[in-house]
Amino acid sequence: MAEVIGKVGPFTPRAMAGGTHFDALVRSIVYQQLSGKAAATIHSRVIALFDRDTALPQQIVAAEHAVLRGAGLSNQKASYLRNLAEHTLDGSLPTESLHELDDQRIIEALTQVKGIGRWSAQMFMMFRLGRLDVLPDLDLGVQKGIQLAYRMRKLPKPAPGRSSDRSKKLATATMNPSPKTGVSGPLHIKGLGSACTTWSPVSKRIWLCESPRRKPCLVP
C-alpha cells in the first residue's frame with residue numbers, strides 16, 4: 001500500500017459545497033449511469049423547471065410526472081426524485097442534517113430512498129461531506145485498483161452475507177472487536193489469503209496485515 005501511495009502521490013479532496021444536501025442528492029440521481037455531458041444537460045433542464053427561491057422538495061412532489069420526463073429524466077429517475085422529496089418532506093430522511101450523523105446512519109437514512117444505494121451514499125459522504133475515512137467497497141474502480149496493485153488474477157470477492165447490486169465487492173476482513181483497539185485477531189482476509197496474526201491500523205477501515213504476508217485487510 002505504501003508503494004502505491006508513493007507512486008500516486010498526495011490526495012487533496014475537494015468537497016462539493018454548493019447548494020444544499022438535497023440539491024446534491026438530486027444531482028446524484030440524475031447523473032446515475034450517464035456520461036458527464038448528457039447528465040449535466042438533463043440536470044440543468046430539471047433545475048430550470050423550478051423556482052430557486054422556493055423549497056425544491058415541495059416543488060418536485062407537486063410537479064407532474066410528465067413534466068419531469070419532459071426534462072429528459074427516465075421514468076425511473078423521475079420516480080426516484082419524487083421519492084427523495086417525499087422522504088425529505090415526511091421527515092424520514094433528515095436531508096439537511098445528514099452531516100451530523102455517523103457514516104452508518106447516513107447510509108441507512110439514504111438507502112431508504114429508491115434509486116440511492118450504498119455506493120451512492122458513500123459517494124455523498126466522500127464528495128459532498130468531504131469524509132476521508134470511507135471505503136467505497138462497491139466501486140468497480142476501487143476493486144480494479146486493488147486487483148492491479150496486489151496482482152490478483154480476479155477482482156476481490158464479496159464478503160459473505162452482504163448484498164451488492166453489482167455482485168462484486170472489495171475484499172473484506174471478518175473480525176471480533178476489542179475494547180482497547182477495536183480489533184482482535186486473527187483476521188481472515190476474504191479473497192486475499194490466510195489469516196493475519198500481526199496487523200497494524202491504517203485507518204478505521206484499512207488494516208495492513210504484517211504477518212504472514214503484507215496484505216491489506218479492508219473493512220467496509
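Taken together, the values in this text are just the output of simple stated rules run on the coordinates, not laboratory data. The structure presented is a predicted model; accordingly, all values stated were derived computationally and were not measured. Cβ coordinates were reconstructed from backbone atoms using ideal geometry, including for glycine residues, and neighbour counts include every protein chain displayed.
Here are the numbers:
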read-out	value
Nitroxide proxy distance, nm - points 7 Å out along Cα→Cβ at ARG52 and ARG153	5.6
Potential extension, ASN75-GLN33 segment - 0.36 nm per residue separation minus Cα distance	13.7 nm
Cβ-based net charge around ALA55, under 13 Å, with every Lys or Arg adding one and every Asp or Glu removing one	-3
Projected area averaged over orientations for the range 21-127, convex hull of C-alpha atoms, nm²	6.3
Cα-Cα over 28 Å, subset of LYS37/LYS144; LYS7/LYS77; LYS7/LYS114	LYS7/LYS77; LYS7/LYS114
